[in-house]
């Protein structure tokens, strides 16, 4: 029999080996597969007295193939509880599958649980573990960033809304202390193209392309406050990928392309009277005529006066919309039609726009479908909508009569017909606001058939949206605020 002191020593050593590292709620544990504790498993605390489930999240911070595997059980966190593994999967244990570097299991842990790590041959892979009794600590958010527009070397982008609009005005300076950052990489050699990891700890270690010339908090629609970035120093005719990081949460990716080096229109944005305008136009905020806001504000004032002569808020006006909705939609339409949006054809289809002068229904869905008719060179190709582009010579008058003629030729991106129809729907009939009819001349001044279907079916148009996360912009739509 071994001496008693030696038995005590062996017992203490075994206890040290078998004791698991404890994880804490609302905390992040950073680890490396090359220096895991022994055993490579962790104790998950019991859920709180309110009985709320716990979310256990994993985020890979460095890439490896194969990657480590993670197994979790919610039976108990006692040291006597065996580690979960691939051979013990069942109702109380499972593998936390990683997608794009993220993994999450939300469950009840009345007696705690155990998280075990299988290195799986992956050496020196950094990863984070988070435990939360609320929202998951590591998360790929559903709400995406938003592209305003690009020029040859600039882009304006927005985060997803991070704070709802208050019932009373607040200074945006009170919201400027956010932990929200922007990451841009060239898509051809960027994270999204060559690496599936989209975790915040992985992305935050990557350099961002371009220089942020201006960052501000901005409300561009009713969804809430966003962070607005003006980025400079980009390369013409280049595809980019953008993410927005908010601590350990990731929004994106979205994709966009800069215009060609010959693109001459500047970005117009941050206009207090047209807060949703953020795109390439014939003039920017610095070169706009000083009196441009006067007629716009006059139109808005006169329109509001007329609308308010009606019984606003009465059910016999509409049980769904009121005068405020009418005013918001009118302002959005007025801004979209007053500030012409510039664009250019896709490099893959440089002739994808309407001839001059346009036929009454030449733009929008009609131009897209015409390219597929028998005899067309694209007749046998997959249907691909063309953007509502209309070349503008220097002799063409501005859509807004108060803007001087642009000194060079450019291509106009027409407003979506749904921009006009939103005013028609939101305003009382006596206003007499009417939109051009699709089968006659709507296509000459609006992008038709992109968003809604021919019978007005919402989202059933050729693209279903005015723009998408892949950088396609079919027609110009300004959100109402």
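Is there a residue being assigned to a helix (DSSP H, G or I) and not assigned by TED's automatic domain parsing to the domain that holds residue 259 anywhere in the range 401-410?
So far as the range 401-410 goes, no, none of its residues is assigned to a helix (DSSP H, G or I) and not assigned by TED's automatic domain parsing to the domain that holds residue 259.
Within the range 233-243, is there a residue that is out of contact with any strand residue (DSSP E or B) (no Cβ under 6 Å at 6 or more places or on another chain), within 30 Å of residue 137 (Cβ to Cβ) and surrounded by fewer than 19 Cβ atoms within 10 Å (Cβ to Cβ)?
No.
Would a scan of the range 246-262 turn up a residue that is surrounded by fewer than 20 Cβ atoms within 10 Å (Cβ to Cβ), on the phi > 0 side of the Ramachandran plot and out of contact with any helix residue (DSSP H, G or I) (no Cβ under 8 Å at 6 or more places or on another chain)?
no
Table: residues versus (1) closer than 26 Å to residue 339 by Cα; (2) over 16 Å from the mean Cα position of the chain (by Cα).
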residue	(1), (2)
187	no, yes
196	no, yes
201	no, yes
206	no, yes
234	yes, yes
244	no, no
255	yes, no
259	yes, yes
302	yes, yes
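Any residue in the range 118-141 that is free of Cβ contacts under 8 Å to residues at least 24 places away in the same chain and assigned by TED's automatic domain parsing to the domain that holds residue 248 sitting within a Cβ distance under 7 Å of a residue that is outside any loop (DSSP other than H, G, I, E, B) and surrounded by fewer than 20 Cβ atoms within 10 Å (Cβ to Cβ)? List the pairs, counting only those 6 or more apart or interchain.
Every condition considered, no pair remains.
Could you please let me know if residue 390 is surrounded by 15 or more Cβ atoms within 10 Å (Cβ to Cβ), outside any helix (DSSP H, G or I), modelled with pLDDT under 90 and touching a helix residue (DSSP H, G or I) at 6+ places or on another chain (Cβ under 6 Å)? If you could, list the steps in order and put the result at the bottom.
Working: surrounded by 15 or more Cβ atoms within 10 Å (Cβ to Cβ): yes; outside any helix (DSSP H, G or I): yes; modelled with pLDDT under 90: yes; touching a helix residue (DSSP H, G or I) at 6+ places or on another chain (Cβ under 6 Å): no.
So residue 390 does not fit the description; no.
Among 422, 401, which is the only one that is out of contact with any strand residue (DSSP E or B) (no Cβ under 8 Å at 6 or more places or on another chain), more than 24 Å from residue 150 (Cα to Cα) and buried (at least 17 other Cβ atoms within 10 Å of the Cβ)? Talk me through it step by step, then tell me what you get.
Numbers: 401 fails: buried (at least 17 other Cβ atoms within 10 Å of the Cβ).
Criteria check complete, one pass: 422.
Tally time: how many residues in the range 439-478 are touching a residue at least 40 places away in the same chain (Cβ under 8 Å), within 25 Å of residue 165 (Cβ to Cβ) and surrounded by 18 or more Cβ atoms within 10 Å (Cβ to Cβ)?
Total satisfying the criteria: 5.
Would you confirm whether any residue within the range 275-285 is surrounded by fewer than 22 Cβ atoms within 10 Å (Cβ to Cβ), closer than 25 Å to residue 178 by Cβ and touching a strand residue (DSSP E or B) at 6+ places or on another chain (Cβ under 7 Å)?
Scanning the range 275-285 turns up at least one residue that is surrounded by fewer than 22 Cβ atoms within 10 Å (Cβ to Cβ), closer than 25 Å to residue 178 by Cβ and touching a strand residue (DSSP E or B) at 6+ places or on another chain (Cβ under 7 Å).
Could you run through the range 25-37 and say how many residues are in a loop (DSSP other than H, G, I, E, B) and either closer than 18 Å to residue 103 by Cα or assigned by TED's automatic domain parsing to the domain that holds residue 201 (or both)? Step through it out loud before you land on a result.
Applying the first criterion (in a loop (DSSP other than H, G, I, E, B)) to the range 25-37 yields 25-26, 36-37.
Narrowing the set further to residues that are either closer than 18 Å to residue 103 by Cα or assigned by TED's automatic domain parsing to the domain that holds residue 201 (or both) leaves 25-26.
The number of residues fulfilling the criteria is 2.
Restricting attention to the range 404-419, and to residues there that are free of Cβ contacts under 8 Å to residues at least 60 places away in the same chain and in contact with a strand residue (DSSP E or B) (Cβ under 8 Å, 6 or more places away or on another chain), which single residue is surrounded by the fewest Cβ atoms within 10 Å (Cβ to Cβ)?
So in the range 404-419, the residues free of Cβ contacts under 8 Å to residues at least 60 places away in the same chain come out as 405, 407, 409, 417-418.
Imposing the further condition that a residue be in contact with a strand residue (DSSP E or B) (Cβ under 8 Å, 6 or more places away or on another chain) reduces the set to 409, 417.
Details: 409: 12, 417: 29.
Taking the candidates together, the pick is 409.
Residues being within 30 Å of the chain's Cα centre (by Cα) and loosely packed, with under 11 Cβ neighbours inside 10 Å: count how many of those fall in the range 304-333.
Result for the range 304-333: 1.
Quick check: anything in the range 144-153 in contact with a strand residue (DSSP E or B) (Cβ under 9 Å, 6 or more places away or on another chain), surrounded by 13 or more Cβ atoms within 10 Å (Cβ to Cβ), at pLDDT 95 or above and within 30 Å of residue 70 (Cα to Cα)?
Checked the range 144-153: at least one residue is in contact with a strand residue (DSSP E or B) (Cβ under 9 Å, 6 or more places away or on another chain), surrounded by 13 or more Cβ atoms within 10 Å (Cβ to Cβ), at pLDDT 95 or above and within 30 Å of residue 70 (Cα to Cα).
The values are calculated or read from the model by the stated rules, or taken from the named source; none is laboratory data. As the structure is a computational prediction, the values presented were derived from the model and not from experiment. Because the Cβ atoms are built from the backbone with ideal geometry, glycine has one as well, and the counts that use them run over all protein chains shown.
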